[in-house]
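Below: the structure, in C-alpha cells.
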Amino acid sequence: MLTPRHRGGLMAAAAAVTMAVPVVVMTADAAAAANRYEAETAPATCAGLIEANHAGYTGSGFCNGDNAVGAAVQFTVTAPAAGTATIGIRYANGATTDRPADVLVNGVTVQPGTAFGPTGTWETWATRTLTVTVNSGSNTIRLNPTTANGLPNIDFLDLDSGGASPSATASPPPGRPPECTGGAPVTCHFGLAPGNYTVTAWIGDRASAGNTSMSVEARRRILPPVSTAAGTVTPYVFTVNVRQPEGQPTGQGGTGNPGLDLIFAGSAPRLSGLTVQPASNPLVVYLAGDSTVCDQSTAPYTGWGQILPAWVAAGAVVANYADSGESSGSFLSNSALFPTMKPLIRTNNLVLIQFGHNDKSTTASGFRGNLTSMIDQVRDRGGVPVLVTPPVRRLFSGSQLTGTALHINGVGVNLPAEMRNLGSSLNVPVIDLTAKSEALVESLGPTDSAQLYLRQSVDGVTDNTHFSEYGAEKMADLVVQGIRERNLPLAAYLR
C-alpha cells in the first residue's frame with residue numbers, strides 16, 4: 001500500500017522509467033563527480049518511486065522507497081582497490097521515528113540495523129557516514145529497511161576509497177582490452193567458464209560523438225542505442241550470465257562460442273573501456289519456457305527473455321533456459337533443460353515458468369502435475385517459483401481472439417486458467433501474460449497487431465506465434481509490469 005506521499009509522484013515516476021541511464025557522466029571538466037552515485041540514476045535501483053517533490057536534493061531527484069520491510073535502495077560503485085572505504089549516504093526523514101536499515105556490501109550484511117534518524121522535515125537532508133570493506137572494481141551497496149516504515153528518502157551515496165582521487169576511480173577510461181576488435185560493430189570475446197560476470201563498459205569517446213548499443217551472447221539485449229556527445233564517456237555496469245550453449249540449451253539454432261561474447265553496435269559505436277570480473281552472488285532469475293521466451297540465435301525470431309536483461313540492473317541477472325518446442329512435460333524430462341537448471345538454483349533465486357504453446361494435447365491433470373513438480377523442486381532448492389501464463393497467438397475471429405489463440409488446447413483444457421488456479425492453490429505468484437497480451441493484441445486489432453509477430457513483408461516469414469524484436473520488447477514490458485505488480489524480489493533491480 002502506497003502512502004499519500006508515494007501516490008503523488010506515481011505517474012511522473014512511471015513516465016520517467018528508461019531502459020538504461022548513466023552511472024556517472026564524465027567529461028574533461030566533470031571528473032570530480034565520479035565518486036558520487038545518485039539514487040535516481042541507474043545502475044542504482046529503488047524499490048519505490050523516483051521523485052523530485054521535496055527541495056534540497058542533488059541531481060534530478062531522489063528515491064522515495066515503498067513503506068515496507070525490504071524495499072531497498074542499491075548502488076553499484078567502483079573502487080580502485082580492495083580495502084576500507086568510507087561511504088556517505090545523504091537522506092531525509094521527515095517522520096518522527098528512526099527508519100533503520102541493514103547495509104549490505106556485495107550481498108553480505110556488514111552494518112545491521114543502521115539508524116537513519118529523523119531530520120525534522122522531508123526537505124532537511126543529513127548524511128550518514130559508514131566505513132565498509134570493498135573489493136577492487138565493481139561492488140554493490142544495498143540499504144535494506146528492517147521495519148514496515150521503509151527507508152528515508154535517499155538522495156545519493158558518496159564513496160571515498162582510501163583517499164584516491166575521483167579521476168583515479170573512473171577517469172580516464174581503461175581503454176579497450178585486446179579481446180575487442182573492429183569498429184562498427186566492436187566485438188569482444190573472453191574465454192570464460194560458465195557463470196555470472198560483472199561487465200563495466202565505458203560508452204562514448206573523448207574526441208567524437210557516438211551512438212552505441214550493447215548485446216551479449218545469443219542476441220541478448222543489454223543496452224539499447226544511447227547517444228553520447230564528444231568528450232563524454234559514461235560507464236555502464238551489468239551482470240551477465242554465461243553458459244554453453246549460449247543460446248537454446250539443446251543447441252537449436254547453433255551453440256555459439258564458449259565464453260563471453262559482447263557486441264557494441266549502433267550507428268556510431270564508441271567504446272573507451274571494458275572490464276569483466278566474476279559477479280558476487282547476484283540474484284539470478286531463471287527462465288523455463290518455450291520458443292516465445294528463449295534466446296533465439298537467428299533473427300528475426302526473438303524471445304521476450306532476450307529483451308528482459310535490458311530491464312535488469314547490476315546485482316541481478318537473467319539465465320534463460322527456455323528452449324524451442326518444449327512442453328511442460330518435455331522441459332521437465334530433457335536432461336539439458338530442467339535437470340541442468342535445477343542444481344544451479346540458490347536460495348531466493350527466481351524461476352519464471354511459462355508453458356502452454358506446445359501443450360496442445362496435454363490433459364489438465366498432466367499439465368498441473370508437470371507444473372507442480374517444477375514448483376516443488378524449485379522450492380526444494382530454496383528458489384521462488386513464479387508461473388507465467390503463455391502470451392496469446394494472433395488468431396482472430398472478427399475483432400476477438402479465438403480460443404486457440406488464448407490457449408484452450410486440442411483436448412479442451414484452458415491452460416492459462418489451470419495455471420491461475422494452480423498458483424492460487426499452491427501460493428505461487430502468477431504473472432498473467434495471457435490476459436495482458438490479449439488486451440494488447442485486441443487493442444491493436446487484426447491488422448496493427450501483426451507488427452508484434454513475424455510478417456512476410458518485413459521479416460520474410462509469416463508467423464502468428466513467434467515475436468518480432470518489437471513484439472518481444474512489448475512482451476518483456478508486460479512481464480516487467482507483472483514483476484512489479486507481484487512485488488517479486490527482482491523488482492528492486494529493475495531499471
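Considering the conditions (1) modelled with pLDDT under 90; (2) on the phi < 0 side of the Ramachandran plot; (3) not polar (S, T, N, Q), GLY107 is excluded by exactly one of them, (2). Within this structure, GLY210 passes the test of being crowded, with 16+ Cβ neighbours inside 10 Å and over 30 Å from ASN93 (Cα atoms). Within the stretch 215-246, restricting attention to residues that are in contact with a Lys or Arg (Cβ under 8 Å, 6 or more places away or on another chain) and free of Cβ contacts under 8 Å to residues at least 60 places away in the same chain, the residue that is farthest from GLY195 (Cα to Cα) is ALA230. For the stretch 375-384, taking the residues that are out of contact with any Leu (no Cβ under 8 Å at 6 or more places or on another chain) and not charged (D, E, K, R), the one that is farthest from HIS357 (Cα to Cα) is identified as GLY382.
Annotation note: Cβ proximity below 9 Å between a residue of the stretch 307-318 that is at positive phi and in contact (Cβ under 8 Å) with a residue 60 or more places away in the chain and a residue that is part of a helix (DSSP H, G or I) and surrounded by 22 or more Cβ atoms within 10 Å (Cβ to Cβ) (sequence gap 6+ or interchain) occurs for GLY315/ALA492; GLY315/TYR493. When ALA42 is tested against (1) touching a Lys or Arg at 6+ places or on another chain (Cβ under 8 Å); (2) over 20 Å from GLU123 (Cα atoms); (3) modelled with pLDDT of 90 or more, just one condition goes unmet, and that condition is (3).
THR362 meets the conditions (1) within 17 Å of GLY325 (Cα to Cα); (2) in contact (Cβ under 8 Å) with a residue 60 or more places away in the chain in every case but one. The failed one is (2). The criterion of at least 2 residues that are within 18 Å of THR302 (Cα to Cα), open to solvent by 50 Å² or more (accessible area, probe 1.4 Å) and out of contact with any Gly (no Cβ under 9 Å at 6 or more places or on another chain) is met by the following helices (runs of 4 or more DSSP H) wholly inside the stretch 396-472: 456-459.
Residues in the stretch 362-381 that are open to solvent by less than 30 Å² (accessible area, probe 1.4 Å) and either of a type in the set (A, V, I, L, M) or more than 22 Å from THR465 (Cα to Cα) (or both): ALA364, GLY366, LEU371, MET374, ILE375, VAL378.
When residues in the stretch 178-191 are screened for being loosely packed, with under 15 Cβ neighbours inside 10 Å and not in a strand (DSSP E or B), 5 of them pass. For the stretch 267-361, which fully contained strands (runs of 3 or more DSSP E) count at least 2 residues that are open to solvent by less than 10 Å² (accessible area, probe 1.4 Å) and over 30 Å from THR181 (Cα atoms)? Here the list reads 283-288, 350-353. Flag: ALA47 matches the condition of being open to solvent by less than 30 Å² (accessible area, probe 1.4 Å), aliphatic (A, V, I, L, M) and modelled with pLDDT of 85 or more.
Residues LEU130, LEU151: which one is within 23 Å of GLY315 (Cβ to Cβ) and touching a Gly at 6+ places or on another chain (Cβ under 7 Å)? Quick ask: steps written out before the conclusion?
Details: LEU130 fails: touching a Gly at 6+ places or on another chain (Cβ under 7 Å).
Going through LEU130, LEU151 in turn, the sole match is LEU151.
Annotation note: Cβ proximity below 6 Å between a residue of the stretch 288-303 that is among the aliphatic types (A, V, I, L, M) and a residue that is open to solvent by less than 10 Å² (accessible area, probe 1.4 Å) and in a loop (DSSP other than H, G, I, E, B) (sequence gap 6+ or interchain) occurs for VAL293/GLY303; VAL293/ALA322; VAL293/GLN354.
The values are calculated or read from the model by the stated rules, or taken from the named source; none is laboratory data. Note that the structure is predicted; figures quoted are calculated from it, not measured. Because the Cβ atoms are built from the backbone with ideal geometry, glycine has one as well, and the counts that use them run over all protein chains shown. Side chains are part of the model used for accessible areas, which takes the heavy atoms of the whole protein and leaves out ligands, DNA and RNA. Shrake-Rupley method; radii C 1.70, N 1.55, O 1.52, S 1.80 Å.
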